[in-house]
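Step one of this worksheet: look at the structure below.
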Amino acid sequence: MTRMGDSYQTDKDSIWAAFFKCDYCGYPNIALMAAYVDDGFDRFDANSVFSKNDGSQPFVWLPDEPLGKEFEDVPQHIADAASEAYACFSIRSYRAAILMARSVLEATAKDKKVTKGNLASKIDELAADGVISEQIKDEAHEIRYLGNDMAHGDFTEPVSEEDADDMLGFLATFLNYVYQMPAAIRRRQEARKNRRANPNV
């Protein structure tokens, strides 16, 4: 982290804040610290704030965690992994995002009782069973192709933000088709049946 500009005292007593830039991803972060003049922490120093802090007055980073994505109607363990892919993307860990997306495909196949063969054959079987459409199959294979490079340690070619963004878009479409659209249709069917059963309600 590289500090950007001077620190300042917030409206809350003894709480100081400073803006930092992540040296890796370039995004801004805020450091908050309970700082007292008599403790020598009246201002953030570019370096000594870290060395002076003995742990009794810890600083807090904001945001404190990467940004994921919620996937309603998706099994929790699969939704959590998909959200982690988006969290990786939010901090520009594009290879990790793609690897997680590929793992979500594997987890979904297992959830749908497709367990034999490699990922390519599992995707094809999901399509053959009608779990996914031909278009979704093609999108899933694109995730697999790029994810295989990451899984096999082929890091010589750079992975761009556009690459990762495309793969996460395909992943969201995949999960929507497999879980979210069927759940939405079931809710609408149930609502329609209830209206017919209770026409005066």
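Collect the residues in region 122-152 that are farther than 17 Å from residue 173 by Cβ, open to solvent by 40 Å² or more (accessible area, probe 1.4 Å) and without any contact (Cβ under 8 Å) to a residue 24 or more places away in the chain, keeping them in residue-number order.
Those that are farther than 17 Å from residue 173 by Cβ, open to solvent by 40 Å² or more (accessible area, probe 1.4 Å) and without any contact (Cβ under 8 Å) to a residue 24 or more places away in the chain: 124, 125, 128, 129, 149, 152.
Looking only at region 74-111, which residues are of a type in the set (Ser, Thr, Tyr) and either buried (at least 22 other Cβ atoms within 10 Å of the Cβ) or within 23 Å of residue 23 (Cβ to Cβ) (or both)?
Within region 74-111, 86, 90, 93, 94, 108 qualify.
Does region 112-119 contain any residue that is surrounded by fewer than 13 Cβ atoms within 10 Å (Cβ to Cβ), on the phi > 0 side of the Ramachandran plot and modelled with pLDDT under 85?
For region 112-119, residues surrounded by fewer than 13 Cβ atoms within 10 Å (Cβ to Cβ), on the phi > 0 side of the Ramachandran plot and modelled with pLDDT under 85: absent.
Against the definition (under 30 Å from residue 28 (Cβ atoms) and within 16 Å of the chain's Cα centre (by Cα)), how does residue 92 come out, yes or no?
Yes: the conditions hold for residue 92.
State yes or no: is residue 42 among the acidic types (Asp, Glu), in a loop (DSSP other than H, G, I, E, B), at pLDDT 65 or above and farther than 30 Å from residue 170 by Cα?
no
The values are calculated or read from the model by the stated rules, or taken from the named source; none is laboratory data. Bear in mind that the values here come from a model prediction, so they are computed numbers and not experimental data. Backbone-built Cβ (ideal geometry, glycine too); neighbour counts: all protein chains shown. Surface accessibility is based on the protein's heavy atoms, side chains included, excluding ligands, DNA and RNA. Shrake-Rupley method; radii C 1.70, N 1.55, O 1.52, S 1.80 Å.
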